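The values are calculated or read from the model by the stated rules, or taken from the named source; none is laboratory data. All values derive from a computational prediction rather than experimental measurement. Here Cβ is always computed from backbone atoms with ideal geometry, including for glycine, and neighbour counts include all displayed protein chains.
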There are 2 protein chains.
Amino acid sequence: MNAAERYLTDHQDRFVDELLDFLRIPSISALPAHAGDVARAAGWVAARLVSAGLEHVQVIPTAGHPVVIGDWLHAPGKPTVMIYGHFDVQPVDPLHLWSSPPFEPAVRDGRVYARGASDDKGNMLAPILAIEALLQAEGALPVNLRVCFEGQEEIGSPQIPAFVAEHRAQLACDVVISADGGQWSESEPIILLGLRGGCGVQIDIRGAATDLHSGMYGGVIQNPIHALTALLATMRAPDGRILVEGFTDAVRPLSEADRAAIAAVPFDEGEYRAAIDVPALFGEPGFTPYERGWVRPTLEINGIWGGFQGDGIKTVLPNEAHAKITCRLVPDQDPTQIVQLLIDHVQRHAPPGVTTTVTPLRFTARPYLMPADHWVNQEVSAVLRELYGREPYHIRAGGSIPICMVLLEHLGVYTASFGFGLEDEGAHAPDEFFRLSSFAFGQRAYVALLRRLGARTA
Amino acid sequence: MNAAERYLTDHQDRFVDELLDFLRIPSISALPAHAGDVARAAGWVAARLVSAGLEHVQVIPTAGHPVVIGDWLHAPGKPTVMIYGHFDVQPVDPLHLWSSPPFEPAVRDGRVYARGASDDKGNMLAPILAIEALLQAEGALPVNLRVCFEGQEEIGSPQIPAFVAEHRAQLACDVVISADGGQWSESEPIILLGLRGGCGVQIDIRGAATDLHSGMYGGVIQNPIHALTALLATMRAPDGRILVEGFTDAVRPLSEADRAAIAAVPFDEGEYRAAIDVPALFGEPGFTPYERGWVRPTLEINGIWGGFQGDGIKTVLPNEAHAKITCRLVPDQDPTQIVQLLIDHVQRHAPPGVTTTVTPLRFTARPYLMPADHWVNQEVSAVLRELYGREPYHIRAGGSIPICMVLLEHLGVYTASFGFGLEDEGAHAPDEFFRLSSFAFGQRAYVALLRRLGARTA
């Protein structure tokens, strides 16, 4: 065991305590009431980076939530690597489904339960601790290092394109390693080649000036909820196909090689269903589940509401109905163009008797795809082979990490994923947790990766 | 002016204070948390009946909210008349649209603003005060009188059929006068000939065990909100036609005479639209607005909810979606049969990949229709002609008052409507109000009606 690895072992209890501290900050980027908490999380990260030994640590404000950067650039001739992660988290509702309060982290059976435990606080803290171990125990890093941690990933990183454009010099690097990701299982590693993009709109339908008596007015005027459901039915067919005009026109056709690579990833439908407890899988005809989840676009209603939601009955004809919709996009769909198609569609199919408005949501991510044989994928693969004793699967992911495409566009660098979340950890769901074993494993893996990248010359 | 009329004038200030007291009780029958308030309102009514001079006043429990009855049976040879009304009220949400708190009655410009002001506390208090005036100022009523005030009208009177069946003797009468109703305008009276019936169901759709990440699972599993909107789209067409198999089979065809009577009621579409501020009217093709609202059945979504409803975005694939649906029914639809048709339809069209359940709501009312030339309509018409100086319109109403059909079935008596609400008073909506002029007018009108009914022999 080298000095850095020993340092990690010796300080693991403190690191877990620090993770719990970090998790106590309710840094929900989606809710304006929590903006102060997101800023507090930024401050926590900055302080932690300083104590790890990084230099030029700064919390940089944006028009939204801040970004934290820092560096250590004393490895001449070595590559410059940027570590990426995010300290904001998803909202917590439905709160009643949590076994313990989401911001009172609870350790049970070697797992820490809290909102953000896996996505992404546990995962982003691991490389910081690896850096500390190398700097404190060995006095230097094997590479030039930058860090960039953001506070708006969960809302689609609206200010990140402008931030990256304005801070090119402070972000310049040869490659990015994202700590916002996971592995296939505790024994099976992955190389992540692609991420879906995304965008979204909110639809608001208004009828009368107030809620009305459904007996007096039912049949005479439009019901905004019916108008909304009829409109939504024009956007996605009952079999899952997206019906928005022009939506799939830009989708790059799947090659036989693409389909073969996806088919090579193991899939057990029974296990998959059991893990999330659904009666059957469902989606667009003609594609396998992984194809639907990784390389086909989606249109999903994230929320719908209108009228009476209480116990019992209220025979009201409501005057408002609302839906939030987000789409996942694949190469070569452009989120700006897709938002326009959604707006055009809603306006073209606007129901009679009500006023329909459609507003873009602040979520814009271009789909991301990197070459399987990129040099950083070769290095990451080598480390994963050493750690897991087997070849990683080449996969894509259905989620969106907008910054990957932003960094490629503005800095010309690819982002490789190197995180240790697992699919059962409930990212975005109640009872989110992170395995403390993964937390410790991630720290050692980052030490190994940085050592390997340091063996290259820039 | 006779003694009773003078008594009403002399005590009007006290009556208004009493109305405000009554309105302060938040007797929302739909919400279990307010069951105690409904009981409190029953007690208030019972005490008020005793002080008016009625006898045998009782609060009778049911399996749900209680009923208050009382009588005065000292007019041998005269008809026995039962006065009906209800002391429960609708829920108040959306609360933020109220100009003053719904249970802190506020008098502005000769109107009292409060939940239940028009529907039905103001209207049901008027005949009680008329009875008091006659008994206190003249020592007797011109008819034998019973009263029956219920606390569950706004939730469809689930226990009223059993209550009426069990209390036939205490409810026996020649005719019922309902104080739950209104007139066409301050200068135009009506005779109400029909009420729509009603029934309802709740649909609950469940997907995965928890909410999931829409990037990771979007496209792979069914989204319960999409499943719900697709299911709802099979129940009502975008043009307003009901598509539930068999739903309209029992509807009695409209005769030319029916259509002519309805067409004789004045209708100004511009005024109607402006009053409720809708861009256009809407409904089933081939019928006029009044036909759609009075003699055609409806299927209305009263509430829908699922997923994220907060500000901003949450890219969740929710695991639940819900809708509450109520229908208005017309002769000769049977609510029990219609509920079964709704259940059959939902089961037949249950979407794949989720679990769908459908549960009847506690709202069952058979449609009600009385002969235009019934003797009580002739007497009510005569009183209205005297009070308004013009012939009443013969109308039907779109709402449901289940007890009318229950009393006809169990006691063999018809119910005539004699109330003084007006359409702009926001029954079931925010800022409900009642005109204090209508409150006083209603008291005098009831004195006049009771005198006229007393001129008949039983």
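Results, tabulated for the structure shown:
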item: Selection within region A:338-368 - of a type in the set (Ser, Thr, Tyr) and buried (at least 20 other Cβ atoms within 10 Å of the Cβ); result: A:THR364, A:TYR368
item: Only listed residue being of a type in the set (Val, Ile, Thr) and away from every other protein chain (no Cβ under 14 Å), chosen from A:VAL81, A:VAL89; result: A:VAL81
item: Lone unmet requirement of (1) out of contact with any Asp or Glu (no Cβ under 9 Å at 6 or more places or on another chain); (2) hydroxyl-bearing (Ser, Thr, Tyr); (3) crowded, with 21+ Cβ neighbours inside 10 Å for A:SER417; result: (1)
item: Residue within region A:39-62 that is surrounded by fewer than 20 Cβ atoms within 10 Å (Cβ to Cβ), of a type in the set (Ser, Thr, Tyr) and under 24 Å from the mean Cα position of the chain (by Cα) present; result: yes
item: Qualifying residue in region A:218-226 (condition: within 26 Å of the chain's Cα centre (by Cα) and not charged (D, E, K, R)); result: no
item: Per-region count, region B:348-374, residues more than 30 Å from B:HIS394 (Cβ to Cβ), hydrophobic (A, V, I, L, M, F, W, C) and more than 9 Å from chain A (Cβ to nearest Cβ); result: 2
item: A:GLY122 vs. criteria surrounded by 14 or more Cβ atoms within 10 Å (Cβ to Cβ), away from chain B (no Cβ under 14 Å) and within 22 Å of the chain's Cα centre (by Cα); result: yes
item: Sole residue being surrounded by 20 or more Cβ atoms within 10 Å (Cβ to Cβ) and within 9 Å of chain B (Cβ to nearest Cβ), chosen from A:PRO279, A:PRO318, A:PRO335; result: A:PRO318
item: Subset tally (residues that are within 23 Å of A:GLU291 (Cα to Cα) and facing chain A (nearest Cβ under 7 Å)) for region B:218-251; result: 8
item: Subset of region A:384-406 [of a type in the set (Ser, Thr, Tyr) and within 14 Å of another protein chain (Cβ to nearest Cβ)]; result: A:SER400
item: Residue list for region B:200-217, restricted to those being assigned to a strand (DSSP E or B), facing another protein chain (nearest Cβ under 7 Å) and modelled with pLDDT of 95 or more; result: B:GLY200
item: B:TYR446 vs. criteria more than 14 Å from chain A (Cβ to nearest Cβ), buried (at least 24 other Cβ atoms within 10 Å of the Cβ) and aromatic (Phe, Trp, Tyr); result: yes
item: Some residue of region A:151-162 being on the phi > 0 side of the Ramachandran plot, in contact (Cβ under 8 Å) with a residue 24 or more places away in the chain and assigned to a loop (DSSP other than H, G, I, E, B); result: yes
item: Number of the exception - A:HIS345 against (1) over 30 Å from B:LEU361 (Cα atoms); (2) touching a residue at least 40 places away in the same chain (Cβ under 8 Å); (3) in contact with a strand residue (DSSP E or B) (Cβ under 8 Å, 6 or more places away or on another chain); (4) more than 7 Å from chain B (Cβ to nearest Cβ); result: (3)
item: A:ALA39 vs. criteria farther than 24 Å from A:ARG168 by Cβ, of a type in the set (A, V, I, L, M), out of contact with any Cys (no Cβ under 7 Å at 6 or more places or on another chain) and modelled with pLDDT of 95 or more; result: yes
item: Residue in region A:1-18 that is more than 14 Å from chain B (Cβ to nearest Cβ), surrounded by 14 or more Cβ atoms within 10 Å (Cβ to Cβ) and within 21 Å of the chain's Cα centre (by Cα) present; result: no
item: Pair list, Cβ under 9 Å, 6 or more apart: region B:235-263 residue modelled with pLDDT of 95 or more, other residue assigned to a helix (DSSP H, G or I) and exposed (fewer than 13 other Cβ atoms within 10 Å of the Cβ); result: B:GLU245/B:ARG348
item: Restricting region B:125-170 to residues that are among the acidic types (Asp, Glu) and more than 16 Å from the chain's Cα centre (by Cα), the residue that is nearest to B:GLU18 (Cα to Cα); result: B:GLU132
item: Residue within region B:407-421 that is within 12 Å of another protein chain (Cβ to nearest Cβ) and touching a residue at least 12 places away in the same chain (Cβ under 8 Å) present; result: yes
item: Criterion (within 26 Å of B:LEU408 (Cβ to Cβ), surrounded by fewer than 22 Cβ atoms within 10 Å (Cβ to Cβ) and of a type in the set (Gly, Ala, Ser)) met by exactly one of B:ALA172, B:ALA233, B:ALA179; result: B:ALA172
item: Residue satisfying all of: in region A:96-119; in contact (Cβ under 8 Å) with a residue 24 or more places away in the chain and in a helix (DSSP H, G or I); farthest from the chain's Cα centre (by Cα) among these; result: A:LEU97
item: Residue in region B:77-90 that is surrounded by fewer than 24 Cβ atoms within 10 Å (Cβ to Cβ), free of Cβ contacts under 8 Å to residues at least 24 places away in the same chain and touching a helix residue (DSSP H, G or I) at 6+ places or on another chain (Cβ under 6 Å) present; result: no
